[in-house]
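Engineer: Just passing along the structure, written as structure tokens.
The values are calculated or read from the model by the stated rules, or taken from the named source; none is laboratory data. Treat the numbers as computed from the prediction; the structure is a model and nothing was measured. Ideal geometry is used to build each Cβ from the backbone, glycine not excepted, and the neighbour counts take in all protein chains shown.
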Amino acid sequence: MFSLSFMSTTCEDDDAPIDNSSEIAEIIATAQTDTWRITNYVDSGENETSDYAGYDFTFEANGTLTATNGTITKTGTWSVTDDSSSSSSNDDDIDFNIFFQVPDTDDFEDLNDDWDIVSYTSNQIVLRDVSGGDGSIDDLTFTRNQ
């Protein structure tokens, strides 16, 4: 009887959610530093990086995302959220959310997603999305302007 309750307690600890709050705060602070450019965007195997050439991206503290190339400005929203539904401790549990309110035909619509964070440093944020429909993979990399 004692061993059964011990096993039950141990299993409950394994399912405890991971607290990602400090990592989320670090990613937010990183994104708000300076301006960024897209240095890699691959949509289902097709390199579309050139669609965003010349655009500087600014991630504001109020959740506003601005992309401008000096002539054209696109405004959207961004956030970093905890999507932790398991006890795994990897960056897949943190979403980097981007949304531009643009028509479906606009290149910026392709950026609208809840991206998984592959990695991040003070100079680069690497994101990935795996489609729930067909399993296709999109990769997006922001590099800090210096």
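Engineer: Can you go through 51, 56, 82 and tell me which one is among the acidic types (Asp, Glu), under 13 Å from residue 111 (Cα atoms) and touching a residue at least 12 places away in the same chain (Cβ under 8 Å)?
Structural biologist: It is 51.
Engineer: Output the residues belonging to region 110-121 that are within 16 Å of residue 79 (Cα to Cα) and not in a strand (DSSP E or B).
Structural biologist: Correct list: 111, 112.
Engineer: Of all residues in region 88-109 being among the aliphatic types (A, V, I, L, M) and either part of a loop (DSSP other than H, G, I, E, B) or at pLDDT 95 or above (or both), which is surrounded by the fewest Cβ atoms within 10 Å (Cβ to Cβ)? Write out each step before concluding.
Structural biologist: Of region 88-109, the ones among the aliphatic types (A, V, I, L, M) are 94, 98, 102.
The next check asks that each one be either part of a loop (DSSP other than H, G, I, E, B) or at pLDDT 95 or above (or both); those that pass are 98, 102.
On the way: 98: 23, 102: 16.
By that ranking, first place goes to 102.
Engineer: Follow-up question, since we're still on this one. Would you check which residues across region 43-83 are of a type in the set (A, V, I, L, M) and more than 15 Å from the chain's Cα centre (by Cα) and list them? Break it down stepwise before answering.
Structural biologist: Here is the first cut: in region 43-83, the ones of a type in the set (A, V, I, L, M) are 53, 61, 65, 67, 72, 80.
The answer is 53, 61, 67, 72.
Engineer: Still on this structure: Restricting the search to region 17-48, which residues are within 22 Å of residue 135 (Cβ to Cβ) and either assigned to a loop (DSSP other than H, G, I, E, B) or β-branched (Val, Ile, Thr) (or both)? Can you show your working first?
Structural biologist: Step one: of region 17-48, the residues within 22 Å of residue 135 (Cβ to Cβ) are 40-48.
Within region 17-48, 42, 44, 45, 48 qualify.
Engineer: Determine, yes or no, whether residue 12 is modelled with pLDDT of 95 or more, more than 21 Å from residue 146 (Cα to Cα), among the charged types (D, E, K, R) and part of a helix (DSSP H, G or I).
Structural biologist: So residue 12 fails the test.
Engineer: Taking into account only those residues within region 125-146 that are assigned to a loop (DSSP other than H, G, I, E, B) and either at pLDDT below 95 or hydrophobic (A, V, I, L, M, F, W, C) (or both), which is nearest to residue 43 (Cα to Cα)?
Structural biologist: Looking at residues that are assigned to a loop (DSSP other than H, G, I, E, B) and either at pLDDT below 95 or hydrophobic (A, V, I, L, M, F, W, C) (or both), I get 136.
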